[in-house]
Amino acid sequence: MSHETRIQHKSSFLTEQLVEERARKTSFETRGMAVISASGTLVGITTGAVALAASGRSVTFPESARLLLVAAMVMLVLAAVLGLLINVPVRLPQADTGDLTQLLEPTARFGPDDWNRVKRDTIVALRHVNRRRARSLLAALLLVVVALVLMMASAAFALRLFPA
């Protein structure tokens, strides 16, 4: 296999990996927005339900129900914050304009190996970002699930299904 063929194969492989990592990044950002939306919706529904339950009459929530509800609301807010952090823009390596301008010159010094280096550096940076976003997404989803369990337990205590 010639040197040029090896470079072309490496370039194709790196391009495929780069496309895959960018797709993962987009997927994490989309799921992060879904966590923000779900958390906001759950906080709104919970607040509305408590307001409706308490309006016009003297409703006493057991202290255990109130504490569980407050903990659930805090977890939902933290999940929304993690969802926002997942979508924070990151600076990735890229070819600068000087490199791109050199390509137009007859004596271009920026060759396939240089492009492959830029692709490789971008892939490494994207993988690092994607790993961080995956951990944040997992934590956000766990917070939402635990918050839902706490909300259910709070409702059970408020409805006196369990002794306080």
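The values are calculated or read from the model by the stated rules, or taken from the named source; none is laboratory data. In this text the structure is predicted, and so the values were computed from the model without any measurement. Positions of Cβ are generated from backbone atoms using ideal geometry, with glycine treated the same way; all protein chains shown enter the neighbour counts. For accessibility, only protein heavy atoms count, side chains too; no ligands or nucleic acids. Shrake-Rupley method; radii C 1.70, N 1.55, O 1.52, S 1.80 Å.
R91 meets all of the listed conditions (1) modelled with pLDDT under 85; (2) farther than 15 Å from K25 by Cα; (3) open to solvent by 90 Å² or more (accessible area, probe 1.4 Å) but one, namely (2).
Each row is one residue, and each column tells you yes or no for (1) modelled with pLDDT of 90 or more; (2) within 30 Å of V43 (Cα to Cα); (3) not hydroxyl-bearing (S, T, Y).
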| site | (1), (2), (3) |
| --- | --- |
| R57 | no, yes, yes |
| T101 | no, no, no |
| N116 | no, no, yes |
| K119 | no, no, yes |
| L142 | yes, yes, yes |
| V146 | yes, yes, yes |
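Whether any residue in the stretch 20-30 is among the aromatic types (F, W, Y) and in contact (Cβ under 8 Å) with a residue 24 or more places away in the chain is what I want to check. Among the residues of the stretch 20-30, at least one is among the aromatic types (F, W, Y) and in contact (Cβ under 8 Å) with a residue 24 or more places away in the chain, which makes the answer yes. Within the stretch 1-32, being open to solvent by less than 100 Å² (accessible area, probe 1.4 Å) and part of a loop (DSSP other than H, G, I, E, B) holds for one residue alone: S2. I want to confirm something. Restricting to the stretch 59-77 and keeping residues that are more than 35 Å from the chain's Cα centre (by Cα) and not hydrophobic (A, V, I, L, M, F, W, C), which single residue is modelled with the highest pLDDT? Looking at the filtered set, the residue picked out is P62.
For the stretch 110-159, the tally of residues that are among the basic types (K, R) and free of Cβ contacts under 8 Å to residues at least 12 places away in the same chain stands at 4.
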